[in-house]
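The values are calculated or read from the model by the stated rules, or taken from the named source; none is laboratory data. No experiment lies behind these values; they were computed from the predicted model shown. Cβ atoms come from the backbone with ideal geometry, glycine included; neighbour counts cover every protein chain shown.
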């Protein structure tokens with residue numbers, strides 16, 4: 001199927017990772033368990049082998065639209081089809097909302113008007129589609145086992161294997177729905193059960209409540225409140241809860257033009273100092289890796305580079321790059337002093353003064 005414009009995607013997340021959901025009901029990007037983990041679905045990069053998870057009405061002729069449930073990061077994709085109106089509600093429970101484990105993606109499919117014939121296709125492609133995986137289908141759903149990671153797809157309808165993925169065709173009468181839960185599995189676990197309709201409704205309401213409670217802290221009372229509110233929700237969704245760091249984008253390697261060479265990874269590594277100040281303590285092995293980086297900066301900070309704004313005019317000595325080198329040296333010195341770690345502090349101080 002053809003590639004969609006980036007503006008045709010909505011974003012859901014759980015403050016640890018995020019998924020891109022197209023207007024055609026296809027999840028074309030998801031990394032688990034974190035933003036910077038290898039991808040599970042990456043059809044946005046390679047439509048043929050990147051992997052996708054799509055739920056949509058069968059046949060052609062459907063018009064579609066997307067919107068967020070009011071004051072939340074729950075995404076609704078609505079299909080206006082000659083047979084009726086259907087919708088897919090997508091969200092990721094945040095931090096085990098309602099006592100549920102993290103690393104889950106919930107899709108609720110509903111026939112709003114008329115009887116709707118839906119098609120589901122789930123084809124994960126582990127490690128940027130470089131790794132093979134095993135697929136097992138059971139009465140409760142499907143299991144996908146890749147290197148170092150397993151996924152379970154619990155379904156309220158029967159799935160059947162199709163190559164290394166699974167598919168399903170099902171009809172929903174008006175007012176009826178079906179639930180699908182994609183989750184990261186522990187070794188030896190099956191796909192897990194799919195929640196009953198009442199339980200799925202509880203999960204949904206708990207997730208709505210989480211986002212609305214968070215947004216209620218906003219004190220802005222001016223005109224067009226929905227605009228800053230939506231911006232705040234988008235920024236929150238792009239944060240990594242364990243450290244508070246932000247991602248500039250949830251994806252990697254989106255070319256400026258299809259097939260182009262200028263591909264950038266805007267996912268994040270949190271500032272080294274902030275992680276160890278507010279998160280996990282810095283161990284000696286990690287310090288040795290960090291020390292090598294700071295040594296490299298100390299030796300190379302005067303070199304030109306392409307700049308963070310992707311200048312096309314060749315390498316230059318950008319002020320921003322030098323400032324960031326100064327920050328790296330300064331934070332390295334602070335960490336070495338605070339933890340009494342061995343380092344070439346004299347040389348680092350000399351480079352910092354320059």
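Out of 59, 51, 25, 86, I need the residue that is surrounded by fewer than 18 Cβ atoms within 10 Å (Cβ to Cβ) and within 23 Å of residue 167 (Cβ to Cβ). Which one?
59
Are any residues in the stretch 91-109 over 14 Å from residue 183 (Cβ atoms) and at pLDDT 95 or above, and if so, which ones?
108, 109
If only one of 29, 69 is at pLDDT 95 or above, over 28 Å from residue 146 (Cα atoms) and in the same structural domain as residue 239 (by TED's automatic domain parsing), which one is it?
Details: 29 fails: over 28 Å from residue 146 (Cα atoms).
Exactly one residue qualifies, and that residue is 69.
Report, by residue number, each residue of the stretch 62-73 that is closer than 23 Å to residue 182 by Cα, touching a strand residue (DSSP E or B) at 6+ places or on another chain (Cβ under 7 Å) and surrounded by fewer than 22 Cβ atoms within 10 Å (Cβ to Cβ).
Applying the first criterion (closer than 23 Å to residue 182 by Cα) to the stretch 62-73 yields 66-69, 72-73.
Keeping just the survivors that are touching a strand residue (DSSP E or B) at 6+ places or on another chain (Cβ under 7 Å) gives 66-69, 73.
Scanning the stretch 62-73 gives 66, 67, 68, 69.
Mind listing whichever residues of the stretch 1-22 are assigned by TED's automatic domain parsing to the domain that holds residue 237 and under 21 Å from residue 164 (Cβ atoms)?
19 - this is the single residue of the stretch 1-22 that is assigned by TED's automatic domain parsing to the domain that holds residue 237 and under 21 Å from residue 164 (Cβ atoms).
Given the stretch 175-288, what strands (runs of 3 or more DSSP E) lie entirely inside it while holding 3 or more residues that are within 30 Å of residue 155 (Cα to Cα) and at pLDDT 90 or above?
On the way: elements: 177-185, 252-255, 263-265.
The strands (runs of 3 or more DSSP E) meeting that bar are 177-185.
Test of understanding: among 241, 199, which residue is surrounded by 11 or more Cβ atoms within 10 Å (Cβ to Cβ) and without any contact (Cβ under 8 Å) to a residue 12 or more places away in the chain? Before the answer, list the steps.
Numbers: 241 fails: without any contact (Cβ under 8 Å) to a residue 12 or more places away in the chain.
Checking each option against the conditions leaves just 199.
Can you tell me which residues in the stretch 150-168 are in contact with a strand residue (DSSP E or B) (Cβ under 7 Å, 6 or more places away or on another chain) and in a strand (DSSP E or B)?
Matches in the stretch 150-168: 150, 151, 152, 153, 154, 155, 160, 161, 165, 166, 167, 168.
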